[in-house]
Amino acid sequence: MRKHNITIYPFTAIVGQERMKKALVLNLINPKLGGVLIRGEKGTAKSTAVRALANLLPEIEVVEGCKFKCDPNHQNELCEKCLEKLKAGTLNASRIKMKVVDLPVSATEDRVVGTLDIEHAIKKGEKRFESGVLAMAHRGILYVDEINLLDDHLVDVLLDSAAMGINTIEREGISYSHPANFVLVGTMNPEEGELRPQLLDRFGLCVDVKGISDVARRVELIKSRLSYEADPEAFAANWQDAETELCGQILNAKQLLSEVRISDEMLELISQICVDMGVDGHRADITMMKTSITLAAFNGRTEVLEEDVKEAAELVLSHRMRRKPFDSHSDKQDKLDESIEKHREKQKDKEKNKQEEQKQERKENPEKPHEHPEKQPENTANQSEGQPDASSETVFAIGESYQVKQLNPEFLRANRKGTGRRSKTLTSSKQGRYIMSTIPHEKTTDLAFDATLRAAAPYQLTREKDGNSIIIHESDFRKKVREKKIGNLVLFVVDASGSMGARQRMVASKGAVLSMLMDAYQKRDKVGLIAFKGDSAELLLPPTSSIELAQKYLQEMPTGGKTPLSRGLVKGYEVIKAELRRDPDTCPFLVLISDGRANVSMDGGPPLEEITTIASRLKEEGIQSAVIDTESSMIKFGLAQKISTALGATYFTLEDLKAESIVNAVRTSAPFDFNQEFSSFSM
């Protein structure tokens, strides 16, 4: 493949995003920080900064010919082949540029960790290792764009290797290890879904980036980009002095790192902040300590100051603070300032006690000087601003939520892709649980060793062993059949007409939806939200994994107007159809929340007849659904129940609606296959 020399956009030329750049530089100085997660909008220089990062540092020394780029100066981190070369006295060194290795979202486990040739090991008794992304990233930067879309299992592997510095591959009792020290950088857009808290906690630092709002700075950014595109080499040359200066600062900080000391007072401040900010476990304390030391080294100091601890807290705690999925974002800066002020008050009390002791000592020894405590700064924490009311329409609050039982719809056990923790599916990857074996139709790297031995056992007496204890032919090979869990698509079709405002029906309905959203957050489901009122139905939220975004739209959803229920069902069908064409592995479930009192039709005919026709078509397509009847008056028309019958859905009333009822609606629905071609409505 032909290689093209591309001039990288200079790191120091990036306009704004100072905190992101600082977090990246700190990880270069101290790779033991655990990497950095960059969360933010698209087009905020996330990828540009990461690719420019490696260009800052000079070339690194490696063992010549080593595929793992082992460091000849650290013998305890050499791979097996380099150790053999060292014993033979032929360890030659060369210099290469630090690399940025990209990990695509579609990567398999074998591509990430590498593979062992099990067939070769069984037949020849020798290890044959094919290196993966982790081996390529050793002593470099591993960049994972959209890391929140990566399978949880692979994220676990990346974080384990980043923490341990070693990658271990095990297949059927055969093990191989190699060094894997790298700076892990993950980027994500929170609107596309969050990482699990357990995975978030494993990232050392986290920064949230946004587009620049200052007009002058945006103009500066545009001009810089135009200059770079016009002549990349000349543009890079103009920034070479700044790049060299920052490189020198990083190298000096790396040398100074081991000399930095942190006092007990600063350690106490770190622990105080972690307690006040409500973080779980002790990883935050340790990472804050390491980050504070790294910041001090970066600033050319050998002592950690309060300003280092405060800046470290802003980088370490933003993704670790304990909160419920739909809690509003509090002013973290206020909490941090309050915690620091609390620490200062404690130190002030200690100083006061010390002063009292000194006062007592002066009576006995008048010559002893008196130490005056420093004046404590005033608390300048800002008051958090309230949320303004963005809508002039009638917007009802969300009712109380409640704990829901697990939703476990039994869809067809096809080989479905995706992640989650709800529905079981068979998988062709190595990420699931081994449940059985089968005969492979092509070469496999996921060999079922036990089943292979059982298949070969009956023929051992008739096979020539040639000194081997067991002979295995290709016809004996069996591969593993694995099972894993994936998430679902829960599409809420909510009646937002004027009748839903009566007797606070919308309050209770929003509470039911919120409960489902909280369960979906835990199971990593996708959710979508459709509201119908007036003369139309609107997709307020396209299918997304961002449950907080769904809650936001639910909170702000207004109520009023007529009831175009048929348009709501058709819109739900269209959304499901589009999502299945985009992702055939999706498992959709439609939840209709309405009193059924439709008074607007699409073709001018009787609304109920039109709805029944549409509902019957949805049933024929095999779309699983549930209907929640919000009718609560003394005289009930039972319209929602008729619609439920036409849909083939499970029916509930709002009065007796409980979480377990919703669960049963999904669990008892018949399995179906969505891989068939959908027909279109003709209205």
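Only the coordinates and a few stated rules stand behind these numbers; no lab work does. This is a predicted model, so every value here is computed, not measured. A quick note on method: Cβ atoms are made from the backbone with ideal geometry, for glycine too, and the neighbour counts reach across all protein chains shown.
Annotations for the structure displayed:
- Across segment 12-28, coupling constants 3J(HN,Hα) worked out from phi with the 6.51/-1.76/1.60 Karplus curve, θ = phi - 60°, read 6, 8, 5, 7, x, 6, 5, 5, 4, 5, 5, 4, 5, 5, 4, 6, 5 Hz, and Gly and Pro carry x.
- Estimated FRET transfer efficiency (TYR459, LEU200; beta-carbon r; R0 41 Å; 0.05): 0.20
- Distance from segment 536-597 to segment 273-293 (C-alpha centre basis), Å: 41 Å
- Cβ crowding within 10 Å averaged over residues, with 143-151, 508-516 ranked highest first: 508-516, 143-151
- Compared with the direct C-alpha span, the chain from LYS552 to THR653 gains 33.8 nm at full extension, assuming 0.36 nm per residue.
- Pairs exceeding 23 Å between alpha-carbon atoms, taken from LYS22/LYS310; LYS510/LYS636; LYS21/LYS223; LYS552/LYS619; LYS254/LYS290: LYS552/LYS619.
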